[in-house]
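Scroll down for the structure; my scribbles are underneath it.
The values are calculated or read from the model by the stated rules, or taken from the named source; none is laboratory data. For clarity, every value in this text was computed on a predicted model and none was experimentally measured. Ideal geometry is used to build each Cβ from the backbone, glycine not excepted, and the neighbour counts take in all protein chains shown.
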Amino acid sequence: MKLAALAFDLDNTLINFMLFKRKSAQAAAAAMVEQGLPISKEEAQGRIFQIYSKKGIEYQKTFFDVVYPFHLPLNDAERIQQAGILAYLKTKFAVLHPYPDVPQTLHELRSKYRLAVVTDAPRNKAWQRLILANLAGYFDIVVTYHDTNSSKPAAAPFLKLLSSLALEPSQILFTGDNLSRDIRGAKLAGMRTCFAKYGSIIGMDDSVKPDFEIERFSDLLKIISSIQ
Ligand SMILES: [Mg+2]
């Protein structure tokens, strides 16, 4: 069936999410140490990433958890925590960008296909990221974690995409950086799949075979002209 829509994962597929997390954590660690957190910047940054790996990258009380174990006087703890939060946000606003070729490629694709995002990010964070990256205007459909309360590779987010687009799975090409979540889930739903290799931090999962692979986002243009 003819390709009618392109759907994308958000983090590390459209936007350079890990760069933003790393730079923001660095800035937050420096600001907290400057305000009196009694450890080195490197250690503070290490603790931030330990919390992310334990509680998930979307965890919302990271800086509280960094400060809490030191049992500081409440005003000191609050000053340090808020310095961390503000430095994090300031850096987020400065560094949350799409990969360089994303806006132009989406612009070209938009004239021929319907475009959608399916992300495991919470609804508020997904929209913050789309707006900060200047991508909010490109998509007909955005499916966030809160639309189904389940994460890829579960069927629910993909079924939500299908019903929102009112298309058959074979009419959709799904692109994402995570083989076991994006590619596995989209394949199970019957969509064609494209692995965004440039964003992959977990590496290969040999049990999942995408239909296509791209080294950069704009490679999609070639792939699409080859499958029509
Ligand atoms: Mg991703």
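Points worth noting:
- In the condition set (1) more than 29 Å from E34 (Cβ to Cβ); (2) in contact (Cβ under 8 Å) with a residue 40 or more places away in the chain; (3) not hydrophobic (A, V, I, L, M, F, W, C), T91 is compliant with all but (1).
- Yes/no for A121 being assigned by TED's automatic domain parsing to the domain that holds S164 and assigned to a loop (DSSP other than H, G, I, E, B): yes
- I202 vs. criteria within 15 Å of the ligand (Cβ to nearest atom), at pLDDT below 95, aliphatic (A, V, I, L, M) and out of contact with any His (no Cβ under 6 Å at 6 or more places or on another chain): yes
- Every test in (1) crowded, with 17+ Cβ neighbours inside 10 Å; (2) assigned to a helix (DSSP H, G or I) is passed by L159 save one, and that test is (1).
- Residues in region 164-200 that are among the polar types (S, T, N, Q), over 17 Å from M1 (Cα atoms) and in a helix (DSSP H, G or I): S164, S180.
- Test: S150 is away from the ligand (no atom under 15 Å from the Cβ) and either under 19 Å from E213 (Cα atoms) or part of a helix (DSSP H, G or I) (or both): no
- When each of V208, V142 is tested for being part of a loop (DSSP other than H, G, I, E, B) and either within 16 Å of the ligand (Cβ to nearest atom) or over 23 Å from S111 (Cβ atoms) (or both), the lone residue that passes is V208.
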